[in-house]
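Notes to accompany the following structure.
Values quoted throughout were computed directly from the atomic coordinates according to the rules given, and no laboratory measurement underlies them. Just so we're clear, the structure is a prediction, and the values are computed from it rather than from any experiment. Quick reminder, even Gly has a Cβ in these numbers, built from the backbone with ideal geometry, and neighbours come from all protein chains shown.
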Amino acid sequence: MSSFYSEDILEHSKYPSNFGTLEHATCSHEEHNPLCGDRVRIDLMIEGDTVQDIRFSGKGCAISMASASMLTEAIKGQSVAAAHAFSKDDLLELIGIPLQHNPVRLKCALLSLKALKVGLYAAGSVGEE
Ligand code: ZN
């Protein structure tokens, strides 16, 4: 992994991947970040053990939108177990800018991941491992 992702943040926030909603989502979950006013909703379409489709919607700062866009790209087509295993560190590595010392921005960056995780649990599709 290299730092070129950090230059993608504006691109991702302007032209996000997988933006929208799924009409027949297996589960949806929306999270808010009151510190910044971000809202991110994640819609998941799970078939068997695979995340067949994922979309996000909402409104927020560039980091929250870019991170949701990058997260959906990373998760789409993966196994449910891989989605469960996807960590904060994995997402921060995709985002590629150091946020560890900026708790407000860190919340922005991790909002979509939180929505994803709660949505996955809500779907009752927790892996056996
Ligand atoms: Zn934000």
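A simple spin-label model places pseudo-atoms 7 Å from Cα toward Cβ; at E11 and K59 they are separated by 2.7 nm.
Over the chain, the alpha carbon radius of gyration divided by the compact-protein estimate 2.2 N^0.38 Å works out to 0.97.
Less than 13 Å Cβ to Cβ from R55, Lys/Arg counted +1 and Asp/Glu -1: what total charge do the surrounding residues give?
Details: positive: R41, K76; negative: E23, E30, D43, D53, E73.
Net local charge, R55 excluded: -3.
Quick one: compute the contact order of the chain, relative version, from alpha carbon pairs under 8 angstrom and 6+ residues apart, as a percent.
Details: 239 pairs, mean separation 38.7, N = 129.
Relative contact order for the chain comes out at 30 percent.
Basic side chains Lys and Arg get +1 at the Cβ, acidic Asp and Glu get -1 at the Cβ, and with that the dipole of region 7-122 about its Cα centre reaches some 440 debye.
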